[in-house]
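Quick notes on the structure that follows.
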Amino acid sequence: MISCASALGTTGVESNNTINLPPGQCTLYQKVTFQNDPSAYASCADVAVPYDNITPDVTSTGFMWARTVPMCRDGTDGPCPGEEIRCIDGTRPYYHVDKAVHPSNRWIVYFQGGGSCGNDSSGGAGIRCMTAYTTPDETMEMSTRPADASRPAVPARIRVEGILDETTPFFSDFNRVKIHKCSYDRYAGNRTYDDMANGTTLFFHGRRIIQAVFDDLNGSRGIVSGPGDGSLPKLDKATQIAVVAQSGGALGLTQNAEFIKTKLDAMTNAVIRFVFDARLDPNGAGETHFERDSEPGAGFYDSDYSGESIVMNDTNAVAITRSKTTYEPGGEQRSLYDTWGNPLTAGGPEAIMDESCFATHAADPTLCYDDMHVASHHLSVDRFIYQTLRDVNHRDNVVPWIDRVDSHLAKFAFVPDHSPADQFMDAFMERVVYTAGQVYHERDKSDEVSLPNYDLVIMVPDRSQHVSVVDHYSFNITSMTCGENTWTFASALKAWLVNSGSMLMVDDRHTNEKIPGPGGGCSTNP
């Protein structure tokens, strides 16, 4: 048994301030520390970056306990010059883990959601990431932070809800892992990035963190054990692994799912399944269905990103023009991924995206930067998708594939909290229902040469919660009725993990868009 403090500490050989950066460059940790107290240092380069000796917040409580991510991408604590794994600010990544209540070789690995940063329209990566790093309500969770009252120390223990809670029936008999969002690259990054214009070095090591955590759980640094829990089984003994992600974490899981499955398949004989929470977005290609003069049969799987479609509410109709600009060279979505690594080196050390998509679209990989295209055309893993119909976050997000914005819409978004003329809740729901029906019923139209064969569950209750899998009420209590069966997120997911199979459950009663055949018209209970 180890203490909370020693669970975070390591015996790594690297000292606190041995990062080799280009002249004039500093990490985010160094920059913020220097700005907070410039009289204490000659420059930001003189600030030591904590790495080995992390002091946790020992007053924290909860079931899950903290453990450092291995120092090196090979799952060890080094030495490994140039191969170290870091959070975006240069500090040490960590994760939380909890042993199953009853001895078990089943696992849940959960990826936290939230934002990301890199080169985009708001400026260089250094500017965007510094803004996120210093914003208190952002989801960057580091192992340690500069002296800043708005940022907590690393919690030695954390309280969790939903699928990670040790009191949740069925799921408490899984060993549970929570990987924190500290690389801010949707867990896809595989690059140390020097933004010379802003004097900032950024560590986009999300994919390396994934690899190192799996290796650690498989004993690359010895048997994993925690305070009061005893030793956990090695991952290579696993019989079932559920890889779960929410929101922005699920975006990264979209690009990384086949990579993760390949990694785990080489390590274990476990049944591997994926759960996507809050990640079924309206898609630019699907707008063909909503054009004024839509051709019969034109739809989601045509990958048509050009044209004009209509967004309507009770009093207003707005024409929107869509394009692939955001996914093309220089576009915002493409620039983000290009900051995090080189997706064209399929199978190489810097690969960060779905390789099957790039193999299919080798001549022009533009569509591979559209996560929804990858999810619907190129993933062949068993997966459960949960998306509320009125998702409070998604309906207020700017839609990236909109090419032109009408003058009265300061930003085009499905925003129910704006003026009545700008409320397009119904239009948003129409698109969620349409996307769910297309992804489920038409998936044989994917781009894969050999049609993917996988189990698929899509569950869309008529609710507004954004994240549900780690929320007790939304995961365990809220329900929807389809035919003779009433399902919560928890009960439907349990049934799928036990029995496999495919199922569509969408509450389309309050939209004009209807899903033909089984899966539409489900009712939602509070």
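Quick notes on this structure:
- 13 Å reach of a label modelled at His510, 7 Å along Cα-to-Cβ, counting backbone N of segment 425-468: 425-430, 461-465
- 15 Å reach of a label modelled at Asp74, 7 Å along Cα-to-Cβ, counting backbone N of segment 197-220: 212, 215-216, 220
- Ranked list, fewest to most other Cβ atoms within 10 Å of each Cβ, for Glu287, Glu513, Glu83, Glu448: Glu83, Glu448, Glu513, Glu287
- The length gained on full extension between Ala319 and Glu161, counted as 0.36 nm times the residue separation minus their Cα-Cα distance, comes to 52.7 nm.
- Estimated FRET transfer efficiency when R0 is 30 angstrom, pair Asn393-Phe170 (beta carbons, to 0.05): 0.60
- D (Stokes-Einstein, µm²/s), Kirkwood Cα radius, the chain, 1.567 mPa s at 4 °C: 54 µm²/s
- Partner lysines for Lys234 [C-alpha distance under 16 Å; skip if fewer than 8 residues away on the same chain]: Lys99, Lys263
- Fully extended contour minus Cα-Cα distance, from Asp57 to Lys445, at 0.36 nm per residue: 134.6 nm
- Over the chain: helical MRE at 222 nm, DSSP H runs n ≥ 4 each giving -39500 (n - 2.57), nearest 500: -6000 deg cm²/dmol
- Per-residue Cβ neighbour rank within 10 angstrom, fewest leading, Met312, Met140, Met353: Met312, Met140, Met353
- Virtual spin-label span in nm between Ser306 and Thr481, 7 Å along Cα→Cβ: 4.9 nm
- Here the label points at Thr239 and Thr262, each 7 Å from Cα along the C-beta direction, are separated by 3.0 nm in the simple model.
- For segment 4-240, share of DSSP beta bridges that run antiparallel, in % to the nearest 5: 70 percent
- Each Lys or Arg adds one and each Asp or Glu takes one away; over the other residues whose Cβ falls under 11 Å from the Cβ of Arg157, this sums to -1.
- Most simply put, the chain has about 50% antiparallel DSSP beta bridges, counting only bridges with both residues inside it.
- Estimated FRET transfer efficiency (Ala298, Asp37; beta-carbon r; R0 56 Å; 0.05): 0.40
- A DSSP coil position with no more than 11 other Cβ atoms inside 10 Å describes none of the chymotrypsin sites (Phe, Trp or Tyr not before Pro) in segment 316-398.
Here, each number is a calculation from the coordinates, and none is a lab measurement. All figures in this text were calculated on a predicted structure; none of them were measured in a lab. Every residue, glycine among them, receives a Cβ derived from its backbone with ideal geometry; neighbour counts consider all protein chains shown.
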